[in-house]
Amino acid sequence: MTDHFPLREGSDRVRGAALGQRAESHARKVTLHAALGGLALGLALVPGLSWASQAPCDLMPPAPTSAPAGAQRAITALDLVRLRDFGGMQFDAYPGPPAALSPDGRHIALQLRRGDPVANRYCTGILVKDTDSPAPARRIADGGEVIKLSFDKYGFAGLVTGAPVPPVLRWSPDGGRLAFTKAIGGVMQLFVIGADGSDETQVTHSGVSIDDFQWLPDGQAIVYRRRDALLDAERQIDAEGLHGWRYDGRFWPLAGGRPHPPSPVPSRIEVIGLAERSLRPATERERLVLDPAGTPGWPDGATQAVLLGTGDDRAWLAPAEPHAFFAPDALHVMVDGHELPCPQALCSDVVALWKRDAHTILFLRRQGVARSETALLRWDLGKGAPQLLHQTTDPWLGCQLGPRELVCTAEAATVPRHVIGIDPESGQVHTIYDPNPEFAAIRFGQPERLVWRNAFGIDTFADLVLPPAYRPGHPVPLIVVQYDSRGFLRGGTADEFPIQLFAARGFAVLSFTRPPWYALRDKPRDLFGFLQANQKDWSDRRSVQSSLQIVVERLIARGIADPARIGITGQSDGASTATFALIHSRLFKAAALSTCCEDPAMMASLGPGFEDWYAKSGYPRFNADRPDFWKQGSLAPNLGALPPVPLLIQAGEEEFRLALPTYTAVKNAGWPAEMYVFPGEAHVKLQPAHRLAVYERNLAWFERWFKPEETAAP
């Protein structure tokens, strides 16, 4: 199964539905990720005290210092839980950049958050950092609560799932004020504050979260989007409950017994005047400030466009194949009524575009195996082809072009999220803000990038992290962590399997990226055609298994991985990969999952809406007699033919029921199996105390089975 997205019940589910609806111009780009259950989803704020009633937080980083030579230490689970972070959990397109650049390019603003596992809460703050000064960042405001991101899937609206809602931060046109969203009582409200931290004002007192906003050009008003209809839908459900709810496609029994509002739920776009606090519906022209795709002269199908001069000269991005379900954007440039030719190798898969001046553009594109590289190019129009300025395997996101430089949020394999500046002439990169300077004193296992092709002709990549004290020729236990090895190698997708902590304790770790979806080879035209092509004969899952088996066998052949001590982990799509691997290979001798597992019972137990969605995707309905189908992807029908494999499941309170058929089956079959359930958690866990427990238990699980002489059982 690709993914499971449970909900919170009652008003919490509506109040937490902060970013379920994105601007229409972003909708096509996120459709594939949403359909496949990528983690642009949600993490829970720890329930409990308000900010005002809490003790001061240990949020701000210390002043940077130079660590003495040889003073590096091993990483701990607490280092990872206490890491300072900002923006969304993954690398998806959220409204607003993770770090907002002021119009003059002199300041960035961001919301910093840091987990406190002892108090089981988050510390947050709104920070401003000068881009051209080594002076430390200034905390100008409280950052509010950390609430769960919502999504629409399976016919439901506002499914609360687990990753933190990243706030939207935007500077006023004159740079004198900062507007930002902040969660108060579970609702994202709009605030405005002076750049120096003065005059913080709560602008909205909405019953439902503000999803996105923009300043109007005069700086006197703000246009914003929210989904009031979610509240109306909840009131209707309350009224219906007086006579009993009819069981239908609105139910998600995995998480509770209350029906959920069906999707789609329309957004409401309004304008609020900052001086008089007047509120009114946005005019059509004002709506274009929030979503410019309908602007007169906007090229057909464009996802981004910029005017180059005073005439019709422009540059824009549009899908290379407009009718395909997923097609990367290509760059187009029109000058003097003619489109300039641009080599496909340079102008395809472009993800962002900026105007440097009337004759120069900058753009960012994906390239390399499975889009694993980021490349920045400059095009001096009329002077030949675009020129490469910089390329890296680090992901860059939320880039903004200022008067002096391009400013982006970045991560590296051994460097947590930080802010960088890139010279638009030379491509040179420098760090503007690092919220975790203490990590310079930590000794990391250095990753080795691996690239290979599977039996289906599909390329993918992974990062191999060896123990810092690894000795060549001495095989060590290997742990596979999934399923996207981009950015800081922290804990895999959903951040539960601590890569560097495993390495520090003597494990080799394969940070594995699943190969591109099998169905993309045939350019599907719609969502369900895409899903059916993946599911037919379990083609996509077999492709992933082929990639996984090839690379693990190569590590055995290199004398790195001990074939008797290979473990696999997985969350969501990664959990499906792990269970499929346990069925179709004998490589893996222990497993740890955070979601589990595919089984015929899920087609009934997760509700009619879920069953309809998966039936359209190629799965048999609950009452279909298809043991041949389930034997390929479900553990339970195969237990008689499989050797026992120790299995650990650490599930959220809203998902553990999905694991019950498989957990019960493996226990009854004599497998060593344990399951832990975390209260208040959904698809992804973020309560700091829970995350610390998950890290440490996953480490202890593999030490128990692969290093029994070194540690006691957990």
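Rule-based calculations on the coordinates, nothing more; no lab input. From a predicted model like this one, the values you see are computed outputs, not experimental measurements. As a convention, Cβ positions derive from the backbone with ideal geometry for all residues, glycine included, and neighbour counts pool all protein chains shown.
General observations
- Leading residue at positive end of dipole, the chain (Cβ point charges), from Thr493, Thr360, Trp379: Thr493
- Cut-off 14 Å (backbone N to label point 7 Å along Cα→Cβ of Asp625), residues of the range 583-608: none
- Kyte-Doolittle mean at least -0.5 and Cα axial length at least 15 Å: DSSP H helices in the chain: 24-36, 229-241, 539-557, 573-584, 656-668, 688-706
- Peptides 410-416, 88-94 ordered by average Cβ neighbours within 10 Å, highest first: 88-94, 410-416
- Per-pair calculated FRET efficiency, R0 = 25 Å: Arg371 and Lys667 via Cβ, rounded to 0.05: 0.05
- Using a Förster distance of 41 Å, the FRET efficiency for Gln632-Ala385 (Cβ separation, nearest 0.05): 0.30
- Within the range 84-128, backbone nitrogen closer than 19 Å to the virtual label 7 Å beyond the Cα of Thr360 toward Cβ: 104-106
- Cα lying deepest toward the dipole's positive end in the chain, options Ile126, Pro672, Gly529, charges on Cβ: Pro672
- Length gained when the stretch Glu653-Asp312 is fully extended (0.36 nm per residue, less Cα-Cα span): 117.2 nm
- In a fully extended conformation the segment linking Arg525 and Arg586 would gain 18.3 nm over its present Cα-Cα distance, using 0.36 nm per residue.
- Over all pairs of different C-alpha atoms in the range 297-440, the reciprocal of the mean inverse distance, the Kirkwood hydrodynamic radius, equals 16.1 Å.
- Length added when fully stretched, Asp199-Lys536, from 0.36 nm per residue minus Cα-Cα: 115.4 nm
- Placing pseudo-labels 7 Å out from each Cα toward the beta carbon at Ala275 and Asp423 gives an inter-label distance of 4.5 nm.
- Each of Arg170, Arg554, Arg113 was scored by other Cβ atoms within 10 Å of its Cβ. Listed from fewest to most, they are Arg554, Arg170, Arg113.
- Built amide H within the under 5 Å cut-off of Gly143, gap 5+: Thr124, Gly125, Ile126
- Estimated purely from DSSP H runs of n ≥ 4, each contributing -39500 (n - 2.57), the mean residue ellipticity at 222 nm for the chain is -6000 deg cm²/dmol once divided by its residues.
- Candidate lysines for bridging to Lys153, where Cα separation is under 30 Å - those fewer than 8 sequence places away on the same chain excluded: Lys29, Lys182, Lys523, Lys536, Lys616, Lys631, Lys685
- Projected label points at Ala455 and Ala74, each 7 Å from Cα along the beta carbon direction, are separated by 3.9 nanometres.
- Legend: calculated FRET efficiency, Asp130 to Gln220, from the Cβ-Cβ distance at R0 = 25 Å, rounded to 0.05, equals 0.40.
- Under 22 Å from Lys707, Cα to Cα: lysines that are on another chain or at least 8 residues apart: Lys589
- For the chain: rounded, prolate or oblate by the Cα gyration tensor [a/c cutoff 1.5]: rounded
- Per-residue Cβ neighbour rank within 10 angstrom, fewest leading, Met603, Met188: Met603, Met188
- Only one residue of Leu648, Ala345, Val81 has its Cα farthest out toward the positive end of the dipole of the chain, where Lys and Arg carry +1 and Asp and Glu -1 on Cβ, and that residue is Leu648.
- Percentage relative contact order, the chain, counting C-alpha pairs under 8 Å, at least six apart: 14 percent
- Going from the residue with the fewest nearby Cβ atoms within 10 Å to the one with the most, Lys129, Lys383 rank Lys383, Lys129.
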